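Single-structure report; data block below.
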Amino acid sequence: MRQNIHNTKLSSFLFMHAAFLVYCLYPLLGKFATRYDMLSVQFFSLYCVVFGVLFVYAILWQQVLKKIPLTSAIANKSITIVWGMVFGFLFFKEAVSLKMIIGVALILSGIFILSTEKENSKDFETELSDGKISE
């Protein structure tokens, strides 16, 4: 039973972070759109994709909230800052400073602390046993 709860929690956590990765695509696409003239076909095409990405994310976010408490989900959403920095570096050759790396370490530490907190796991186990979360 405990292993099953752990697997359910892990899969929910991974699903949530996959949804955040989808969410991080919209500013990336928006930045790509700035390369084109405003009101051009390419500009509008990219912004149509941006709206599509946000639509998919909205659906994924609702599924995340069915499985993970809101406080945990919002706290984990800060990972999007890390993805933004990575995408900026990879796709736009933006500089990464020591302060940014320290910030990433703090964000990841906070996510780790919140994700391993005993109280959260007790709430999750209670919700799972009460049938609020489906396996």
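A few notes on this one:
- For the residue pairs LYS31/LYS99; LYS9/LYS66; LYS31/LYS93, the alpha carbons lie more than 18 Å apart in LYS31/LYS99.
- Computed with a 1.4 Å probe over protein heavy atoms only, the accessible area of MET85 comes to about 40 Å².
- Global geometry of region 61-101, whether rounded, prolate or oblate, following the gyration tensor of its Cα atoms and the 1.5 cut on a/c: oblate
- Taking the 1.4 Å solvent-accessible surface of region 14-104 as the whole, the part contributed by carbon and sulfur is 75%.
- Net +/- balance of residues flanking PHE15 in space, Cβ distance below 12 Å, scoring K and R +1, D and E -1: +3
- Computed 3J(HN,Hα) for region 47-64, one whole-Hz value per residue from the Karplus formula 6.51 cos²θ - 1.76 cosθ + 1.60 where θ = phi - 60°, is 6, 5, 5, 4, 5, x, 4, 5, 5, 4, 4, 4, 5, 4, 4, 4, 5, 4, glycine and proline marked x.
- Between the listed residues VAL64, ILE113, PHE15, the Cα displaced farthest toward the positive end of the dipole of region 1-122, a dipole computed from Cβ unit charges relative to the Cα centre, is found at ILE113.
- Three-way shape call for region 1-120 based on the alpha-carbon gyration tensor, with the a/c threshold at 1.5: oblate
The values are calculated or read from the model by the stated rules, or taken from the named source; none is laboratory data. Keep in mind the model is a prediction, meaning the values are calculated, not measured. Cβ: placed from backbone, ideal geometry, glycine included. Neighbour counts: every protein chain shown. Ligands, DNA and RNA are stripped out before the accessible areas are found, and what is left, the full protein with its side chains, is counted by its heavy atoms. Shrake-Rupley method; radii C 1.70, N 1.55, O 1.52, S 1.80 Å.
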